[in-house]
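Trainee: Dropping the structure in here first, questions after.
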Amino acid sequence: MIDDRLARAGERYERAVFGGDADAVTEAWDELDGVEADLALARGRLLHARFLADRQQDPQELELFTRAADLYERLGDVRGEAQARFWVGVFHQVVRDDGGAALPALRRSHELAVRAGDGLTRSYAARHLGFHAMAAGDLDRAATMLEESLRLRREAGHRPAVAAALLALAELAARRGEPGQAEELLTEAATEAEDSGAAGTMRWIEAVRAELSS
């Protein structure tokens, strides 16, 4: 099924060429930039999923996320830019293991997500800001961000994401020397993952549980 924005671009071409509508090309161009941004973001996320499976970097991933972020910014699409900036940050943090490069993009994503009222994107940005704080040894800041992420995910009703948030808090509890709290959080995370069919998250939970018990 053709995207409505592509169909409208065709109609605006007709208006510009045959109807003499001077604004039609600009209107169509902006909508096509939106299509391009959506496509770049989707392709980048797929490349990230591939990276998580094979751990092989693809520099095109960052190019796609950056292109999407720049297009969304030009269009004034705050929600879209928040999502794309988050993925720019994730690329640096997860793929390149460069927390310093990731931090500005993650902070910007969080700020934009708050402005857009996009709780789920905000939860992802908060989560990875929490990871950055944990890596830096600021465990209080990490707790604040990871708890914010959990709260937002509960509000969104995204149970697989809730399971992942509980897992992150369990790892933080273990880092703080609170094994009992870590086990409680892991048990709750496993329940959320199992009930929501999140087999991938369940594997992460089992791996962390095995690591903590070794």
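Trainee: Rounded to two decimals, what is Rg over Rh for the chain when you use alpha-carbon atoms and the Kirkwood radius?
Mentor: Here Rg/Rh amounts to 1.08.
Trainee: On to the next question. Compute the distribution of all C-alpha to C-alpha distances in the range 7-128, in bins of 10 Å from 0, and list the percent of pairs in each, rounded to whole numbers.
Mentor: Taking every Cα pair in the range 7-128, the percentages come to 15, 37, 27, 14, 7, 1.
Trainee: Another question, if that's okay. If each Cα of the range 68-190 is one equal point scatterer, what is log10 of I(q)/I(0) from the Debye formula at q = 0.11, 0.16 Å⁻¹?
Mentor: Calculated log10 I(q)/I(0) at the listed q: -0.36, -0.74.
Trainee: Then there is this: Taking θ as phi - 60°, what are the ³J(HN,Hα) couplings along the range 46-58 by the Karplus curve (6.51, -1.76, 1.60), each to the nearest whole Hz, with x for Gly and Pro?
Mentor: Once rounded to whole Hz, the list reads 5, 5, 5, 4, 5, 4, 4, 7, 10, 6, 9, 5, 10.
Trainee: Would you please put 21-27, 91-97, 105-111 in order of how densely packed they are, using the mean number of other Cβ atoms within 10 angstrom per residue and starting with the highest?
Mentor: So the order, starting with the most tightly packed, is 105-111, 91-97, 21-27.
Trainee: Output needed for the range 19-60: three equivalent-ellipsoid semi-axes, defined as square roots of 5 times the C-alpha gyration tensor eigenvalues, in descending order, whole Å.
Mentor: On the way: eigenvalues 263, 10, 4 Å².
Rounded to whole Å, the semi-axes are 36, 7, 5.
Trainee: By per-residue mean of other Cβ atoms within 10 Å, what is the highest-first order of 133-141, 113-121?
Mentor: So the peptides 133-141, 113-121, ranked by packing, come out 113-121, 133-141.
Trainee: A follow-up question, please. What number, rounded to the nearest 500 deg cm²/dmol, is the helix-based mean residue ellipticity at 222 nm of the chain, given -39500 (n - 2.57) per DSSP H run of at least four residues and division by all its residues?
Mentor: The per-residue figure over the chain is -28000 deg cm²/dmol.
Quick note: the coordinates plus some simple rules give every number you see, no bench work behind them. Keep in mind the model is a prediction, meaning the values are calculated, not measured. So basically every Cβ, Gly included, is an ideal-geometry build from the backbone, and we count neighbours across all protein chains shown.
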